[in-house]
Amino acid sequence: MTSATSLTVLEISAIFLSITALLTYVNHRFIGLPTTIGVMVISILLSIVAIFLGFLGFDQLIDYEMSLLDQLDFTEVLLDGMLSMLLFAAALHVNVSDLRRYKLPIGILACIGTIVSAVLIAAAIYYMLPLFGFELSFIWCLLFGALISPTDPIAVMGILASAGAPKSIETVIAGESLFNDGIGVVIFVLLLGILSSGDIPTVNYVAHTLAVEAGGGIVFGLVLGAILYYMLQSIDSYQEEVLLTLAGVIGGYALASHWHLSGPLAMVMMGLMVGNRGRALAMSDKTRHYIDLFWELIDEILNAILFVLIGLEVVMIAYSGNLFIAAGLTIIIALLARFIVVGTTTRTFRHQLELPVGAWKVLTWGGLRGGISVALVLQLPAGRERDILLALTYGVVVFSILVQGLSVGRVAKTISPIKDEQL
């Protein structure tokens, strides 16, 4: 059997970076899809070819791919490596004044909406899966609801940029995705702790954990942003200032994790502060240019690598006929839960939201899921339950990125620029 055993971290990094570079070239040269979607499509096709060749008896390619993926901890690479930089880069170009204007829908969708969506999805798959011969306890269904409900800021920000959505809707979706990610991770960790220990925590414990992790992450991010702002303001040398932002992101995320604070929320807050007050008052035009250029490149490169990894990970899923159908129904369930949350929010607060007519269509269809959902499901204990949820997660994520991501621009063109008076 051909395998990729005993590779160093440098060798594994070199292999995946080379694969990503080659796939981005092929996409740009011959296919022309948005980079993240294009490389994911090609990597999925490569995985399907490897699986097909394995069925024919030529299993060297799939064995090598699976050996590589076994040595690469996707969850660690994303949550402990790439996520901090991707979230900071995404938040860096979000206008805080726009977030303030739409703070009501962003807050409702990111906090209450994530919890409601998780419960709705959990209840639906709890009753749906036995119809296809799969049974999961409700705690496993809740875990799935928690990991699949947050819209992924990495997927959303990467695709919305070229979707042509009205600015107000783009702000709401982007703002929601930046914050519900942190909320979703905290809820997932709480549920995973219940699964591992078997103990039901008290309401006070849950509230305290949410306050410490989520609230502490926000405060920590603001403090880090203030320190970074002062340091950027005190010098005028773009080399050192770019390095300061990079150190702040990587070091700050590591410190937040060490103190059991929400690293994602900390990076979002620091990115918002540096990207707004820092850009306006602490940077020269030259520094601003280089910081923007550096983080745009980081964002593009890491996004491409992430979506290649998502595509390649398909070989790790053992689909059966019934599980494939269940994954298709789960896609519909996730969309319906998103529609209920978005529709209820926009209808209830239609006079306060100041969103265009029909905004619910883009908010529903533009709620993309991505790598964070995959990273979380891979954290679950190995076993039949994880295998089922991994297949369901991949179904939702692949549909979300390939189908919703490619068509959200057309949905956005149906939105009237007139403010919403009646949903």
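The values are calculated or read from the model by the stated rules, or taken from the named source; none is laboratory data. The structure displayed is predicted, hence computed values, not measured ones. All Cβ positions, glycine included, derive from the backbone under ideal geometry; neighbour counts span all protein chains shown. Please note that ligands, DNA and RNA were not included when accessible areas were found on the heavy atoms of the full protein model with its side chains. Shrake-Rupley method; radii C 1.70, N 1.55, O 1.52, S 1.80 Å.
Residues 329, 323 ordered from highest to lowest accessible area at a 1.4 Å probe: 329, 323.
How would segment 275-394 be classified by its alpha-carbon gyration tensor: rounded, prolate or oblate, with rounded meaning a/c under 1.5 and the a/b versus b/c comparison settling the rest? Note, shape of segment 275-394 comes out oblate. Looking at the chain, the accessible area is 44 square angstrom per residue; that uses a 1.4 Å probe and ignores ligands, DNA and RNA. Let a ≥ b ≥ c be the square roots of the eigenvalues of the Cα gyration tensor of segment 231-296; is it rounded (a/c under 1.5), or, if not, prolate (a/b larger than b/c) or oblate? It is prolate, given that a/c is not under 1.5 and a/b is the larger ratio. Between amide H atoms placed 1.01 Å from N, distances below 5 Å from residue 370 occur with 152, all of them 5 or more places distant or on a separate chain. 3J(HN,Hα) along segment 59-72: 9, 5, 5, 5, 5, 5, 5, 5, 5, 4, 5, 4, 7, 9 Hz, from the Karplus curve 6.51 cos²θ - 1.76 cosθ + 1.60 with θ = phi - 60°, whole Hz, x for Gly and Pro.
The chymotrypsin sites (Phe, Trp or Tyr not before Pro) of segment 37-78 meeting both criteria, a DSSP state outside H, G, I, E and B (loop) and at most 15 other C-beta atoms within 10 angstrom of the site's C-beta, are 58. Spread over its residues, the convex hull of the C-alpha atoms of segment 47-154 is 163 Å³ per residue. The length gained by stretching the chain between residue 250 and residue 11 to full extension, at 0.36 nm per residue less their Cα-Cα distance, is 83.8 nm.
Counting only aspartates and glutamates at least 8 places from residue 103 when in the same chain, those with an alpha carbon closer than 14 Å to its own are 170, 176, 354. In terms of accessible area, using a 1.4 Å probe and ignoring ligands and nucleic acids, 28, 258 rank largest first as 28, 258. Ranking 292, 59, 181 by solvent-accessible area of protein heavy atoms (1.4 Å probe, all protein chains present), from largest to smallest, gives 59, 292, 181. Listed by chain and number, the lysines whose alpha-carbon sits under 21 Å from that of residue 413, ignoring those within fewer than 8 places in the same chain, are 167, 361.
Potential lengthening of the chain between residue 128 and residue 260 amounts to 44.0 nm, from the contour at 0.36 nm per residue minus the alpha-carbon distance.
Solvent-accessible area assigned to carbon and sulfur over the chain amounts to 67 percent, based on a 1.4 Å probe. Phi-derived couplings, Karplus 6.51 cos²θ - 1.76 cosθ + 1.60 at θ = phi - 60°, listed residue by residue for segment 178-194: 5, 9, 6, 4, x, 4, x, 5, 4, 4, 4, 4, 4, 5, 5, x, 5 Hz, with x used for Gly and Pro. Potential lengthening of the chain between residue 288 and residue 53 amounts to 79.6 nm, from the contour at 0.36 nm per residue minus the alpha-carbon distance.
Rounded to the nearest 10 square angstrom, residue 257 shows an accessible area of 60 square angstrom against a 1.4 Å probe.
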